[in-house]
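Data first, discussion second: the structure below is written as structure tokens.
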Amino acid sequence: MIIVVAVAALLTTGGVSAEPAPSVEAGDVSLALVEAMKYSVANDPNVKLAQEAKLASFGAVDQNMGPFDPILGLRFSYDGGREYLTGAQYHAENQKRLLFRALATNLQDVSDDLFEQLGGEGFVWANCPAGLDFTTSGGTPICVSGRTQAIFDLYESMAEAQNLEDAAQALVDANRNAAANTVDILNINAYAQRINLRNIGTVPLFAGSLTTAFDLRLTKLFRNGIILEPGILLDGFQENWVGKPYAPSFGGKGLPDSVRSVLGVTLDIPLGKGRGKVATAAPENAAKRSAEAALADEAFAINLSVENTALAYWNLATSLTLLELLQETEAIQADLLEMGRTLVDADEYAEADLNFLRGRLELTRGRVASAEEDVILGRVNLGRVMGQRFMTVAEAPIAADPLPEIPAEGVGDAFAIEAMVDEAMMRRFDLAAARSRKAAAEILASGAAFNTKRRVDLQMAVGYAGLHEGGDTSKFGDLVDGWWEALSDFSAGPSFRLGLSFELPFKNRVARGESVQAHALQQQSRINFRDLERTVVNEIERLTGAMVQAIQEGRRREYSVARYSEALDSEIEIFRSGEGSSIDVILTQEELLNEQVQLVSARRTIAFLATQLSFEMGRIVDCSIDGEEVTVMAFYPVGDIASFASTPPSGGKGSTDGSE
């Protein structure tokens with residue numbers, strides 16, 4: 001039988017395990033369909049893009065989970081400051097020095113005047129206002145008070161009345177000694193004021209400060225919106241005039257170095273906006289569902305890549321089959337031409353009748369050349385769909401698997417469409433992705449609606465504070481000792497704070513706008529999901545109807561090819577015997593070729609429809625989602641048509657959790 005049926009056995013209904021993708025090297029590469037699928041999954045840019053989008057989605061999950069991670073904050077600062085004295089500070093320091101200078105001068109003047117009064121023979125009291133021990137006013141003499149003089153005069157009069165001149169003189173001498181002691185005291189005080197003036201030095205120009213702070217806090221945001229923040233604060237403070245010692249007697253401020261410790265905890269409780277998991281945890285939960293959608297998108301990209309590869313593969317297989325048919329037709333016509341020449345040589349056939357055979361042979365050769373071009377285009381297209389890089393056509397892949405055969409009688413006459421739709425709803429990864437996106441949009445919409453409330457926050461804090469003064473905080477050892485002393489003494493008791501903050505945006509446009517946008521995205525996701533469901537149902541119904549028609553057409557073409565093959569055999573035998581016409585043979589062969597081409601077209605249509613049905617039902621690839629990875633378990637290129645209404649292959653569910 002001359003006709004070549006360009007089909008092999010139907011591709012196995014079982015899945016082919018996902019072994020490592022084959023490497024396509026230079027030269028003619030013959031690939032089975034499953035090998036082409038593996039290569040496509042490993043090299044398709046769309047799959048790579050889906051994988052990168054998945055990584056970005058899981059990065060978004062980490063980003064939105066980040067606010068709930070405990071944050072340990074540590075701040076250490078060592079700040080030294082220097083600034084000019086203010087006008088009031090400079091005036092106070094200058095007045096202090098003027099006071100010391102005035103005291104020293106006045107006390108010395110008093111001493112000098114009193115000393116002059118004590119000099120010479122005889123002691124003359126100056127007339128002084130009553131009630132004053134010493135008086136000085138510019139050049140006014142200094143004297144003892146009138147009371148002191150009256151007492152002295154009384155004693156002197158009593159001594160003279162008793163004729164006690166010696167006693168009177170002793171009183172005078174004693175009084176002079178007392179006055180001399182006063183002069184010494186005044187000199188000492190004047191000297192002391194000059195020493196004080198020298199010790200405090202000149203008026204300072206700069207004020208300096210040194211602050212050391214150690215702040216350790218642990219901040220934890222809970223998914224109900226509450227913020228807990230325990231912490232410890234240790235600081236040290238030193239302040240003085242630049243260039244002056246600490247002691248005030250030497251010009252310093254006299255403020256001791258202080259070390260403070262605060263140990264406490266704060267609690268921020270939202271009562272309105274931001275309260276509860278619905279509002280606070282919404283971005284995190286939505287990001288997780290979006291990550292699930294990204295995983296499903298990657299699995300769907302694998303399914304789509306495999307489907308496109310399979311369709312391109314069947315196109316190439318069709319071109320190869322047609323080329324083989326035309327080549328065999330060419331061979332038959334060449335054999336007929338040789339038969340004709342033999343008959344002409346035997347004078348049983350006219351030479352002119354061979355011209356028709358020659359013309360048909362050249363026409364067929366032209367069709368063979370066109371079919372070869374179609375094969376080249378098919379190879380290039382298959383390599384492009386697979387993601388292969390090649391420099392010459394010889395490096396492009398060649399299909400090794402034939403087109404599937406026409407199903408036997410009784411197979412594919414009807415399909416359980418409802419069961420197929422149910423399976424597609426469960427297995428398709430694009431539906432799983434749309435379902436997850438819908439869930440994410442609903443989470444965000446709920447959170448945004450809740451956050452339209454006004455912000456009312458309750459703040460509570462309790463803590464203990466300790467204080468230690470002394471030491472030199474510029475020295476690390478003294479600073480650490482001071483902190484320890486401050487931490488060891490919380491005898492002052494606890495401190496507490498209770499606060500309430502309230503925000504009242506008059507139009508609340510930000511929150512309302514976010515809520516409107518989130519609600520619109522929610523509605524869009526719902527519409528997209530329902531539209532995708534409707535599209536899947538319609539496609540399954542369309543493909544099953546087209547499959548029934550294609551199978552019926554294929555059976556008719558098979559029957560026609562068989563009959564024309566028998567007719568062609570008969571015509572060739574008649575022509576070989578010299579009783580028939582070459583025209584009858586050629587016309588019969590043309591009819592057979594047309595039917596063969598139609599049969600190949602029907603088989604191609606069945607292969608396309610079977611591939612598309614496998615894709616629409618989520619069967620074409622068995623993908624497993626585990627954690628953050630999508631793994632291809634097996635490929636199901638084209639199974640038995642009857643399997644579309646039977647139990648699906650194990651695994652490969654499109655829903656990551658099996659629920660809507």
Residue set Y78, Y90; condition outside any strand (DSSP E or B), aromatic (F, W, Y) and more than 30 Å from V183 (Cα to Cα); output residue Y90
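Of all residues in the stretch 52-85, how many are among the charged types (D, E, K, R), touching a helix residue (DSSP H, G or I) at 6+ places or on another chain (Cβ under 9 Å) and under 24 Å from K277 (Cβ atoms)?
Keep residues of the stretch 52-85 that are among the charged types (D, E, K, R), which gives 52, 54, 62, 69, 75, 79, 82-83.
This time we only want the ones that are touching a helix residue (DSSP H, G or I) at 6+ places or on another chain (Cβ under 9 Å), so: 54, 62.
Imposing the further condition that a residue be under 24 Å from K277 (Cβ atoms) reduces the set to 62.
Summing the residues that are among the charged types (D, E, K, R), touching a helix residue (DSSP H, G or I) at 6+ places or on another chain (Cβ under 9 Å) and under 24 Å from K277 (Cβ atoms) in the stretch 52-85 gives 1.
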Filtering the stretch 545-561 down to residues that are under 12 Å from S601 (Cα atoms) and open to solvent by less than 30 Å² (accessible area, probe 1.4 Å) yields A550, I551, G554
Restricted to the stretch 374-390 and to residues being within 20 Å of V47 (Cα to Cα) and of a type outside the set (A, V, I, L, M), the residue modelled with the lowest pLDDT is F390
Residues of the stretch 55-107 being open to solvent by less than 70 Å² (accessible area, probe 1.4 Å), over 25 Å from S249 (Cβ atoms) and hydrophobic (A, V, I, L, M, F, W, C), in sequence order, are A56, F58, A60, V61, M65, F68
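Return the residue satisfying two criteria in turn: it lies in the stretch 629-642 and is out of contact with any Leu (no Cβ under 7 Å at 6 or more places or on another chain) and at pLDDT 60 or above, and of such residues it is farthest from F300 (Cα to Cα).
Here is the first cut: in the stretch 629-642, the ones out of contact with any Leu (no Cβ under 7 Å at 6 or more places or on another chain) are 629, 631-636, 639, 641-642.
Remaining after also requiring at pLDDT 60 or above: 629, 631-636, 641.
Numbers: E629: 13, T631: 12, V632: 11, M633: 14, A634: 14, F635: 14, Y636: 15, I641: 23 Å.
Step by step, filter the stretch 629-642, then rank; the result is I641.
May I ask you to list the residues in the stretch 573-610 that are β-branched (V, I, T), open to solvent by 10 Å² or more (accessible area, probe 1.4 Å), within 23 Å of L361 (Cβ to Cβ) and touching a residue at least 40 places away in the same chain (Cβ under 8 Å)?
Kept after step one, since they are β-branched (V, I, T), are these residues of the stretch 573-610: 574, 583, 585-586, 588, 597, 600, 605-606.
Checking which are open to solvent by 10 Å² or more (accessible area, probe 1.4 Å) leaves us with 574, 583, 588, 597, 605.
With within 23 Å of L361 (Cβ to Cβ) added as a condition, the list becomes 574, 583, 588, 597.
Listed by number, the residues that qualify are I583, V597.
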Restricting the stretch 243-288 to residues that are open to solvent by 40 Å² or more (accessible area, probe 1.4 Å) and among the hydrophobic types (A, V, I, L, M, F, W, C), the one nearest to E469 (Cα to Cα) turns out to be L255
What about A399, is it surrounded by 17 or more Cβ atoms within 10 Å (Cβ to Cβ), under 29 Å from the mean Cα position of the chain (by Cα) and small (G, A, S)?
no
Within the stretch 190-221, residues being open to solvent by 50 Å² or more (accessible area, probe 1.4 Å), among the hydrophobic types (A, V, I, L, M, F, W, C) and not in a strand (DSSP E or B) number 1
Selection from the stretch 515-544 of residues in contact (Cβ under 8 Å) with a residue 24 or more places away in the chain and open to solvent by 80 Å² or more (accessible area, probe 1.4 Å) yields Q517, H519, L521, Q524, R526, N528, E541
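If you scan the stretch 383-408, which residues turn out to be touching a strand residue (DSSP E or B) at 6+ places or on another chain (Cβ under 6 Å) and of a type outside the set (V, I, T)? Before you say what the answer is, go through the steps one by one.
The initial filter retains those residues of the stretch 383-408 that are touching a strand residue (DSSP E or B) at 6+ places or on another chain (Cβ under 6 Å), namely 383, 397-398, 400, 402-403, 405.
Once the filter is applied, which keeps residues that are touching a strand residue (DSSP E or B) at 6+ places or on another chain (Cβ under 6 Å) and of a type outside the set (V, I, T), the stretch 383-408 yields G383, P397, A400, P402, L403, E405.
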Kindly check whether there is at least one residue in the stretch 277-291 that is farther than 30 Å from V456 by Cα and without any contact (Cβ under 8 Å) to a residue 12 or more places away in the chain.
no
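Okay, residues lined up against (1) at negative phi; (2) of a type in the set (S, T, N, Q); (3) surrounded by 14 or more Cβ atoms within 10 Å (Cβ to Cβ):
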residue: L323; (1), (2), (3): yes, no, yes
residue: T329; (1), (2), (3): yes, yes, yes
residue: I332; (1), (2), (3): yes, no, yes
residue: L337; (1), (2), (3): yes, no, yes
residue: T342; (1), (2), (3): yes, yes, no
residue: A346; (1), (2), (3): yes, no, no
residue: R367; (1), (2), (3): yes, no, yes
Across (1) modelled with pLDDT of 85 or more; (2) part of a loop (DSSP other than H, G, I, E, B); (3) within 25 Å of E533 (Cβ to Cβ), M420 clears everything bar (2)
The number of residues in the stretch 222-236 that are open to solvent by 40 Å² or more (accessible area, probe 1.4 Å) and touching a helix residue (DSSP H, G or I) at 6+ places or on another chain (Cβ under 8 Å) is 3
Every listed condition ((1) free of Cβ contacts under 8 Å to residues at least 60 places away in the same chain; (2) assigned to a strand (DSSP E or B); (3) over 28 Å from the mean Cα position of the chain (by Cα)) holds for P230 save (3)
Within the stretch 436-468, residues hydroxyl-bearing (S, T, Y), within 24 Å of the chain's Cα centre (by Cα) and open to solvent by 40 Å² or more (accessible area, probe 1.4 Å) come out as S446
From the option list A465, A511, single residue qualifying as aliphatic (A, V, I, L, M), closer than 18 Å to G274 by Cα, in contact with a Ser or Thr (Cβ under 9 Å, 6 or more places away or on another chain) and modelled with pLDDT under 90 is A511
### Query
Would it be correct to say that S305 is open to solvent by less than 10 Å² (accessible area, probe 1.4 Å), polar (S, T, N, Q) and in contact with a strand residue (DSSP E or B) (Cβ under 8 Å, 6 or more places away or on another chain)?
no
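Is it the case that some residue within the stretch 330-349 is without any contact (Cβ under 8 Å) to a residue 40 or more places away in the chain, outside any helix (DSSP H, G or I) and farther than 30 Å from R379 by Cα?
Step one: list which residues in the stretch 330-349 are without any contact (Cβ under 8 Å) to a residue 40 or more places away in the chain, which gives 330-331, 334-335, 337-338, 341-342, 344-345, 347.
When the remaining residues are screened for being outside any helix (DSSP H, G or I), the result is 347.
From what is left, the residues that are farther than 30 Å from R379 by Cα are 347.
Checked the stretch 330-349: at least one residue is without any contact (Cβ under 8 Å) to a residue 40 or more places away in the chain, outside any helix (DSSP H, G or I) and farther than 30 Å from R379 by Cα.
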ask   = Do we have any residue at all in the stretch 380-393 that's out of contact with any helix residue (DSSP H, G or I) (no Cβ under 7 Å at 6 or more places or on another chain), surrounded by 16 or more Cβ atoms within 10 Å (Cβ to Cβ) and basic (K, R)?
value = no
In the stretch 369-379, anything of a type in the set (D, E) and open to solvent by 80 Å² or more (accessible area, probe 1.4 Å) is listed as E372, E373
inquiry  = Please determine whether any residue of the stretch 299-307 is among the acidic types (D, E), assigned to a helix (DSSP H, G or I) and more than 30 Å from E629 (Cα to Cα).
reply    = no
In the set A92, A126, A102, A130, the lone residue that is touching a Cys at 6+ places or on another chain (Cβ under 8 Å) and at pLDDT below 90 is A126
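Could you tell me whether the stretch 256-269 includes any residue that is in a helix (DSSP H, G or I) and farther than 30 Å from R604 by Cα?
The initial filter retains those residues of the stretch 256-269 that are in a helix (DSSP H, G or I), namely none.
The answer is no, given that none of the residues of the stretch 256-269 is in a helix (DSSP H, G or I) and farther than 30 Å from R604 by Cα.
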Residue hits (the stretch 495-507; exposed (fewer than 11 other Cβ atoms within 10 Å of the Cβ) and either in a loop (DSSP other than H, G, I, E, B) or at pLDDT below 85 (or both)) are L504, F506, K507
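The values are calculated or read from the model by the stated rules, or taken from the named source; none is laboratory data. Here the structure is a predicted model, which means the values were calculated and not measured. Every residue, glycine as well, gets a Cβ built from its backbone with ideal geometry; the counts of neighbours run over all protein chains shown. Ligands, DNA and RNA are excluded from the accessible area calculation, which covers all protein heavy atoms including side chains. Shrake-Rupley method; radii C 1.70, N 1.55, O 1.52, S 1.80 Å.
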